[in-house]
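Read-outs: derived from the displayed coordinates by stated rules, not from any lab. Everything numeric in this text was worked out from a predicted model, so none of it was measured. Cβ atoms come from the backbone with ideal geometry, glycine included; neighbour counts cover every protein chain shown.
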């Protein structure tokens, strides 16, 4: 058995940023690993974005900390910002530099998409073409037959924005990672390992340690079943299941139309 300890997927520390990603960020992590997507990028097939649920193709070499994929349609957590047609006298003015974090602007051909990131947080905005700095503004929520869920997503983003403004980034204390976020970390690490040609036993050693594998690796072991599920889940999410994370409609046909369950 080859020594995989020097492989890029082996150190779990390299995946810790996964613990802080939201749905669209996780969706990008799975999509950028898809061999066909990477081929479309290499060929610069500019018309292929909608096939993957993107307005524009994004460089798959960039992870979710540096990439800025423009999903189509937008995730519910995206704050849509428009000029206020009838502002009150005390209306707040839109000021780009008042927003927290490191900002990145993307033009998708119709409007500006703004991504703002700071330690432990990320917000996405869709700016109306006629919005200018200093204007009174409103947030918009897309109409649907489930307005309460949409309003809750909008409220959650607004609460995150309000909490982030004015914070002095001296130190940040966060709770222990949830089982769901740890699942995503292990799934992506297992997916990278299998794409690199590692066996399931080698995947288990990288994720859980050689001692755990030596103690509990046989045909009916819980550890072996766990690794098998992680590998299967990673492949399913990469081959279309990521669309659920980005709130995209499923593709019409093919294997990628099978959506993965996301706990």
Sorted by Cβ density within 10 Å, fewest first, the residues 211, 103 = 211, 103
Residue-normalised 222 nm signal for the chain, counting each DSSP H run of n ≥ 4 as -39,500 (n - 2.57), nearest 500 deg cm²/dmol, is -10000 deg cm²/dmol
On a 0 to 90° scale, report how tilted helix 179-195 is relative to the longest principal axis of the chain, with both axes built from alpha carbons and the result rounded to the nearest 10.
-> 60
Based on the alpha-carbon gyration tensor of the range 1-69 and its eigenvalue square roots a ≥ b ≥ c, which shape applies: rounded if a/c is under 1.5, prolate if not and a/b is larger than b/c, or oblate?
-> oblate
Is the range 186-255 best put as rounded, prolate or oblate by its Cα gyration tensor, with a ≥ b ≥ c the root eigenvalues, rounded for a/c under 1.5, and otherwise prolate when a/b is larger than b/c, oblate when not?
-> prolate
What percent do you get for the relative contact order of the range 15-134 when only Cα pairs under 8 Å and 6+ apart count?
-> 21
Rounded tilt (10° steps) of 147-164 against the dominant C-alpha axis of the chain = 90
The list (1) 69, 40, 37; (2) 71, 44, 35; (3) 44, 38, 37 gives values of Cα extents along the principal axes in Å, and only one came from this structure; which label was calculated from it?
-> (2)
Using the Cα gyration tensor of the range 1-144, with a ≥ b ≥ c the square roots of its eigenvalues, what is the shape: rounded (a/c below 1.5), prolate (a/b larger than b/c) or oblate (neither)?
-> prolate
Here the relative contact order (percent) of the chain, from C-alpha pairs under 8 Å and at least 6 apart, is 22
Distance from the range 179-220 to the range 83-133 (C-alpha centre basis), Å | 41
Distance in nm between pseudo-label sites at residue 61 and residue 98 (7 Å out along the Cβ direction from Cα) | 4.0
